Amino acid sequence: MLATLDRVLERALSYCMALLLFAMMAITAVDVIGRYFLSMPIYGGYEIVQFMMALVVFCSLPIATRHDSHLTVSVITGNLKGAAARAHRLFVLLVSLAGAIVIAWRVWVQADILVGSKQISGLLEWPLGPLAYVMAVFAWLTVIILFGLLIAAIAGREVALQRPSLGVD
């Protein structure tokens, strides 16, 4: 059941990210065409794309974390074997987990501040708090995934990784 939940969640996040990226591309293209050829840009287009970019970044965190797809420098790690490789993996997961917890916690605190002070965006006057809460939820989801990966690594059962797929092969 956990594997099914993992697949459903990953697929939902992947579709969400794909939809957001496509919408960003479409809004930017229409805005540029409207601005330079019709003298009619999309009102608030830049701000809408900024909101979407924040969602894309935080939506991609759980997927990249689950698939161990973060950027790495393998100068040292490529040469580690056995116990040294395992110790390195545990250290990286612990540091990543600590960093993710701080990020998730601080984004949630910032969301509380934004809601409490009724902060809005500059042009469209959209509330910023709900966006920050969604970002915080994605960050907490990343924390949960990192915790699961750490537990699996401690138990010596590394999770088999597959590249994300939208199901279109």
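The values are calculated or read from the model by the stated rules, or taken from the named source; none is laboratory data. Just so we're clear, the structure is a prediction, and the values are computed from it rather than from any experiment. Cβ: placed from backbone, ideal geometry, glycine included. Neighbour counts: every protein chain shown. Note: areas computed on protein heavy atoms with side chains; ligands, DNA, RNA excluded. Shrake-Rupley method; radii C 1.70, N 1.55, O 1.52, S 1.80 Å.
Considering only alpha-carbon pairs that sit under 8 angstrom and 6 or more positions apart, the relative contact order computed for the chain is 27 percent. Among 63, 113, 101, the largest mean-square fluctuation in a Gaussian network model of the chain (Cα springs under 10 Å) belongs to 113.
Considering only 83, 111, 12, give the residue with the highest GNM mean-square fluctuation for the chain, with springs between Cα atoms whenever their separation is below 10 Å. For the chain, modelled as a Gaussian network with Cα springs under 10 Å, the answer is 83. The modelled label-to-label distance between residue 95 and residue 16, using points 7 Å beyond Cα along the C-beta direction, is 2.9 nm.
Lys/Arg Cβ at +1, Asp/Glu Cβ at -1, dipole of the chain taken about the Cα centre: which of 84, 114, 100 is farthest positive-ward? Most positive-ward Cα: 84. Averaging the sequence gap over all C-alpha pairs within less than 8 Å and six or more residues apart, then dividing by the number of residues, gives the stretch 1-54 a relative contact order of 30 percent.
Using the 1.4 Å probe convention, the accessible area of the stretch 18-157 works out to 62 Å² per residue with neighbouring protein chains retained. Report which label in (1) 1.02; (2) 0.94; (3) 1.26 holds the value of Cα Rg over 2.2 N^0.38 Å derived from the coordinates of this structure. Comparing each candidate, only (3) matches the computed number. Kindly state, to the nearest 0.05, the FRET efficiency for residue 46 paired with residue 83, given R0 = 41 Å and r defined as their beta-carbon distance. About 0.20, to the nearest 0.05.
Its alpha carbons considered, the stretch 63-112 gives a radius of gyration followed by a Dmax of 14.1, 45 Å. If you plug the beta carbon distance of residue 119 and residue 9 into 1/(1 + (r/R0)^6) with R0 = 25 Å, you get a FRET efficiency near 0.25.
Annotation for residue 35 and residue 109: the two label points, set 7 Å from Cα along the Cα-Cβ direction, are 3.6 nm apart.
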